[in-house]
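Trainee: One structure, as structure tokens, below. Some questions next.
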Amino acid sequence: VVDCLEEVLRELARQGIRPRFIYTIPTFHNPRGCTLSWPRRQKLVQLAAEYGVVVVEDEAYYDLRFVGDPLPSLAALDEEGWVLHVGTFSKIVVPGVRVGWACGHPEIIRRLEMFRSEGSLGPFLGRVVARYCGEGRLESHIQLLIRRYREKCHLMLEAIAQCFPPEVK
Ligand SMILES: Cc1ncc(COP(=O)(O)O)c(C=O)c1O
């Protein structure tokens, strides 16, 4: 809730505290399912710059939108490099593959690289994902997933309408 965040950041700044980072899932939040509106995205990026706090946006579900228009990622709105955009192949290639990517200011990436050797990912899995993406199959696979999720959503809504009490929405 970006409005509350401003208050928190102000209070922390008053105490001389600068948070290391803010973590958020702007699109299709897990588990709440909500999506941060465009104005709130702009405000969050503006607050990050104003208070000098890195925002880690976890866009694990960004590519899986099956209804409505996509919103800009925080990274797309960020002109000063306060946003670290992270994604995962776990949702778009293989569940639980635990390979992802990070995109952000070179200084943040440089510091992240120090953790490279400590991750649980073996080189084999990394190569499998790289090969899969390199073969140009990712985009069509994402389109397939989007169709499947849309179908499942419609089926679920139909089932809810048919089988659940009317007050269930
Ligand atoms: C928002 C979000 N980020 C990341 C992950 C998991 O990513 P990984 O499998 O790469 O650890 C999940 C999985 O549930 C998730 O909901």
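Trainee: Could you tell me the accessible area of residue 12 in Å² (1.4 Å probe, neighbours in place), rounded to the nearest ten?
Mentor: Roughly 40 Å² of residue 12 is accessible to a 1.4 Å probe.
Trainee: Could you list log10 I(q)/I(0) for the chain at q = 0.12, 0.16, 0.18 Å⁻¹, which the Debye formula gives when each Cα is one point scatterer?
Mentor: -0.70, -1.08, -1.23
Trainee: Under 5 Å between amide hydrogens, which residues at least 5 positions from residue 88 or on another chain qualify, with H placed 1.01 Å from N in the peptide plane?
Mentor: 101
Trainee: What is the distance in Å between the Cα centres of region 52-83 and region 99-167?
Mentor: 15 Å
Trainee: In the Gaussian network model of the chain, springs joining C-alpha atoms below 10 Å, which of 87, 126, 104 carries the largest mean-square fluctuation?
Mentor: Comparing 87, 126, 104 in a Gaussian network model of the chain, the most mobile one is 126.
Trainee: How would 27, 88, 35 line up by accessible area, probe 1.4 Å, largest first?
Mentor: 35, 88, 27
Trainee: Here's another thing I want to ask about it. Return the tail of the calculated pair distribution for region 66-161, meaning the percent of Cα-Cα pairs more than 16 Å apart.
Mentor: I get 70 percent for the Cα pairs in region 66-161 exceeding 16 Å.
Trainee: First select every other residue whose beta carbon is under 14 angstrom from the beta carbon of residue 82; then total the charges, Lys and Arg +1, Asp and Glu -1.
Mentor: Local charge sum for residue 82: -2.
Trainee: What ³J(HN,Hα) values, in whole Hz, does the Karplus curve 6.51 cos²θ - 1.76 cosθ + 1.60 give for region 100-107 when θ = phi - 60°, with x put for Gly and Pro?
Mentor: Once rounded to whole Hz, the list reads x, 9, 9, 9, x, 4, x, 5.
Trainee: Same structure again: What is the sum of charges, Lys and Arg at +1 and Asp and Glu at -1, for the other residues whose Cβ falls under 13 Å from the Cβ of residue 153?
Mentor: Net local charge, residue 153 excluded: +3.
Trainee: Rounding to the nearest 20 debye, state how big the charge dipole of the chain is about its Cα centre with +1 on each Lys and Arg Cβ and -1 on each Asp and Glu Cβ.
Mentor: 520 debye
Trainee: Same structure again: Per residue, how much accessible surface does the chain expose to a 1.4 Å probe? Answer in Å², no decimals.
Mentor: It amounts to 69 Å² per residue over the chain.
Trainee: Identify, among 68, 38, 56, the residue whose Cα sits farthest towards the positive end of the charge dipole of region 2-120, taking +1 on the Cβ of Lys and Arg and -1 on the Cβ of Asp and Glu, with the dipole about the Cα centre.
Mentor: 56
Trainee: How much FRET efficiency would the formula 1/(1 + (r/R0)^6) give for residue 153 and residue 15, where r is the Cβ-Cβ distance and R0 is 35 Å, rounded to 0.05?
Mentor: E between residue 153 and residue 15, to the nearest 0.05, is 0.20.
Trainee: Moving to a separate point now. Heavy atoms only, probe 1.4 angstrom, no DNA, RNA or ligands counted: give me 85, 105 ranked by accessible area, highest first.
Mentor: Ranked from most to least accessible, the order is 105, 85.
Trainee: Given the protein chains as shown and a 1.4 Å probe, how many square angstrom of residue 147 are accessible, to the nearest 10?
Mentor: Spelled out: residue 147, probe radius 1.4 Å, area about 120 Å².
Trainee: At a 1.4 Å probe radius, which order do 107, 6, 79 fall into by accessible area, largest first?
Mentor: 79, 107, 6
Trainee: Here's a follow-up. If ligands, DNA and RNA are left out, what is the accessible area of residue 17 with a 1.4 Å probe, given in Å² to the nearest 10?
Mentor: 80 Å²
Trainee: So what is the relative contact order of the chain, in percent, for Cα pairs below 8 Å that sit 6 or more residues apart?
Mentor: Relative CO of the chain lands at 17 percent.
Trainee: Next question, about the same structure. For a quick size check, give me the Cα extents of region 1-54 along its three principal axes, largest first, whole Å.
Mentor: The Cα atoms of region 1-54 stretch 34, 21, 17 Å along the principal axes, largest first.
The values are calculated or read from the model by the stated rules, or taken from the named source; none is laboratory data. In this text, all values refer to a predicted model and were calculated from it rather than measured experimentally. Cβ: placed from backbone, ideal geometry, glycine included. Neighbour counts: every protein chain shown. Each accessible area value is taken on the protein alone, full model and side chains, heavy atoms only, with ligands, DNA and RNA left out. Shrake-Rupley method; radii C 1.70, N 1.55, O 1.52, S 1.80 Å.
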